[in-house]
Number of protein chains: 2
Amino acid sequence: MSEIETLSSHPAFGGEVRVLRHAARSTRCDMELSVFLPPQAADGPVPLLIWLSGLTCTWENFTLKAGAQRFAAQHGLLLVAPDTSPRGDAVADVEGRWDLGTGAGFYVNATTPGFREHYRMYDYVVEELPELIRGSLPVRRGKEAIFGHSMGGHGALVCALRNPGRYASVSAFAPISTPTQVPWGEAAFTTYLGEDRDTWKRWDANELVADAGERLPILIDQGAADEFLGPQLRPEVFQATCDRLGHPCETRMQPGYDHSYWFIATFIEDHLRHHAAALLR
Amino acid sequence: MSEIETLSSHPAFGGEVRVLRHAARSTRCDMELSVFLPPQAADGPVPLLIWLSGLTCTWENFTLKAGAQRFAAQHGLLLVAPDTSPRGDAVADVEGRWDLGTGAGFYVNATTPGFREHYRMYDYVVEELPELIRGSLPVRRGKEAIFGHSMGGHGALVCALRNPGRYASVSAFAPISTPTQVPWGEAAFTTYLGEDRDTWKRWDANELVADAGERLPILIDQGAADEFLGPQLRPEVFQATCDRLGHPCETRMQPGYDHSYWFIATFIEDHLRHHAAALLR
């Protein structure tokens, strides 16, 4: 267990928001994250809900803008928001690109030279992060859920679909659900995984759902005026795949909403309720 | 009426968050502000609730961090958050001080050379800003309320106490309620108003409450672990003055809470309810 440094701490909603830093073994760099401890954590272990952010984000965007802590406090869920990629001078970046390199880890384990050394966000999110939290904060074993936005929605779906039985629930805001078929995903997977498109499929929710080992219901909110809807997100493709395979998935098209955290803040209450219903069952 | 430029616009909570810029006549510079239009504004005029931020802030801090829009949408209130001072190359600043100059307008009309040209935030907030909003957005005439944080709590109390009958309600988070008696206020008033302490009293809630032309109830939330509580805020002095004069004031000491926006976000729902009750009566 690596040592955890507390960078800041503030009382909030009867609980506490903390920003932490630790030396991560999976990404071989210092990683920062935010944690919200609900008031119920003072009385014993509570379920763990992990948020994965989108391109360019750190732990900060969701933590400051989504307004999730209010509802995590109501339901008694411990919220964790990690960074979106490894960081630091030793970590490879892609110059001039905000959709590749730092801030754009895509929640995969990279295999390409230059990236495989640090870009192991899948291992970080699925193994190291929950282990870190379990070892230091009062969370209930076996009560874990995951959700995210855009690239982080992709990450949440992939984590859930690759690990049947592991998560009590999953949801996403405007996820990149068919990454092997869209420019963001093609660029990221070429960079992190190389040219062999067959290997990409293990990181694509739209491919993974065919082999899903359980029928974990998926909740997706998607802004109908999202500027990335057509070229990058394509929720109708993922919904059609789920429908064809009989995988429970509800994509809610939200008229007028865009890709911003205002969209997330508007519907975050529903997602916390979705996860609480599964985690507190 | 000056021209209003829309810098950004996002759907949120069934309404819309806009960031605006206009050339202000009172402060003689471009001013930015945020506005939240609740869903009810689509059907006709709604009440106006003005937020005044604290030292170092712009419109952005409250807009992104307080989570107020959710409740403004529920109650049907139009929220406006202006900047805390004039800005721009022509505007005097105080080098090396974050509690004076830009970001620290203290909601007064400055009288000192170098500052009186632009530092007229009181006129801006009391006259120009509501006029701008009334001229461009659907607000109900005579239905206006005001609240704020720290320096902005001071501003809200001063605006309300100096203008009996004008505001339907007033509230504050951790306000500087005795500015003539604390270091922040003494530095600001010396800078903006000069050495004559008698003139300061017209900008001090603790002085103004004695001559208040109405008994408008005041709601104050104060974090008991606020790092500025003793030296700068002194809510017990203001509460004692109100009690002595029979002015209705409720100061709620909130155990454990600090001076941050986490404190504000935790109790913002109560303040929106306080204002809605008065504005929708």
TODO: Please go through the range A:3-44 and pick out each residue that is within 22 Å of the chain's Cα centre (by Cα) and touching a residue at least 60 places away in the same chain (Cβ under 8 Å).
DONE: A:4, A:22, A:24, A:25, A:26, A:27, A:28, A:29, A:31, A:33, A:35, A:37
Task: Tally, over the range A:235-275, of residues that are among the small types (Gly, Ala, Ser), outside any helix (DSSP H, G or I) and surrounded by 20 or more Cβ atoms within 10 Å (Cβ to Cβ) - done: 1
Task: Flag if residue B:162 is among the basic types (Lys, Arg) and crowded, with 16+ Cβ neighbours inside 10 Å - done: yes
Task: Residue ID - nearest to residue A:153 (Cα to Cα), chosen from residues in the range A:177-215 that are polar (S, T, N, Q) and outside any helix (DSSP H, G or I) - done: A:177
Open item on the list: Looking only at residues that are hydroxyl-bearing (Ser, Thr, Tyr) and under 19 Å from residue B:61 (Cβ atoms) in the range A:54-72, which one is surrounded by the fewest Cβ atoms within 10 Å (Cβ to Cβ)?
Closed with: A:58
Open item on the list: Anything in the range B:1-38 that is within 14 Å of another protein chain (Cβ to nearest Cβ) and closer than 21 Å to residue B:168 by Cβ? List them, or say none.
Closed with: B:15, B:35, B:36, B:37, B:38
- [ ] Could you please give the count of residues in the range B:261-281 that are within 14 Å of another protein chain (Cβ to nearest Cβ) and either touching a Leu at 6+ places or on another chain (Cβ under 9 Å) or not charged (D, E, K, R) (or both)?
- [x] 10
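Residue by residue, here is whether (1) surrounded by 22 or more Cβ atoms within 10 Å (Cβ to Cβ); (2) away from every other protein chain (no Cβ under 14 Å); (3) assigned to a loop (DSSP other than H, G, I, E, B) holds:
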{"position": "B:74", "(1), (2), (3)": "no, no, no"}
{"position": "B:85", "(1), (2), (3)": "yes, yes, yes"}
{"position": "B:95", "(1), (2), (3)": "no, yes, yes"}
{"position": "B:98", "(1), (2), (3)": "no, yes, yes"}
Task: Residue within the range A:173-185 that is under 19 Å from the mean Cα position of the chain (by Cα) and within 14 Å of another protein chain (Cβ to nearest Cβ) present - done: yes
Task: Leading residue by the ranking (farthest from residue A:72 (Cα to Cα)) among those in the range A:235-260 that are within 14 Å of chain B (Cβ to nearest Cβ) and touching a strand residue (DSSP E or B) at 6+ places or on another chain (Cβ under 8 Å) - done: A:256
Task: In the range B:39-69, the residues that are within 14 Å of another protein chain (Cβ to nearest Cβ) and out of contact with any Ser or Thr (no Cβ under 6 Å at 6 or more places or on another chain) - done: B:39, B:42, B:60, B:64, B:65, B:66, B:67, B:68, B:69
Task: Identity of the residue in the range A:144-159, part of a helix (DSSP H, G or I) and not hydrophobic (A, V, I, L, M, F, W, C), that ends up surrounded by the fewest Cβ atoms within 10 Å (Cβ to Cβ) - done: A:153
- [ ] Please indicate, with yes or no, whether at least one residue in the range A:116-139 is modelled with pLDDT of 95 or more, assigned to a loop (DSSP other than H, G, I, E, B), under 27 Å from residue A:228 (Cβ atoms) and touching a Phe, Trp or Tyr at 6+ places or on another chain (Cβ under 7 Å).
- [x] yes
Open item on the list: On the basis of being under 22 Å from residue A:274 (Cβ atoms), in a strand (DSSP E or B), touching a residue at least 24 places away in the same chain (Cβ under 8 Å) and not small (Gly, Ala, Ser), does residue A:48 make the cut?
Closed with: yes
Open item on the list: Looking at (1) buried (at least 19 other Cβ atoms within 10 Å of the Cβ); (2) more than 19 Å from the chain's Cα centre (by Cα); (3) of a type in the set (Gly, Ala, Ser), which one does residue A:188 not meet, given that it meets all the others?
Closed with: (2)
Open item on the list: Give me the residue from the range A:216-234 that is within 14 Å of another protein chain (Cβ to nearest Cβ) and assigned to a loop (DSSP other than H, G, I, E, B) and, out of that set, surrounded by the most Cβ atoms within 10 Å (Cβ to Cβ).
Closed with: A:226
- [ ] May I ask you to say which residue of A:32, A:3 is among the acidic types (Asp, Glu), surrounded by fewer than 20 Cβ atoms within 10 Å (Cβ to Cβ) and at pLDDT below 95?
- [x] A:3
Open item on the list: Being within 21 Å of residue B:159 (Cβ to Cβ) and in contact (Cβ under 8 Å) with a residue 60 or more places away in the chain is true for just one of B:67, B:54. Which residue is that?
Closed with: B:54
Open item on the list: What's the number of the only condition in (1) aromatic (Phe, Trp, Tyr); (2) touching a residue at least 60 places away in the same chain (Cβ under 8 Å); (3) away from chain A (no Cβ under 14 Å) that residue B:200 fails to meet?
Closed with: (2)
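The values are calculated or read from the model by the stated rules, or taken from the named source; none is laboratory data. None of the values given here were measured: they were computed from a predicted structure. Virtual Cβ from ideal backbone geometry, glycine too; neighbours counted across all protein chains shown.
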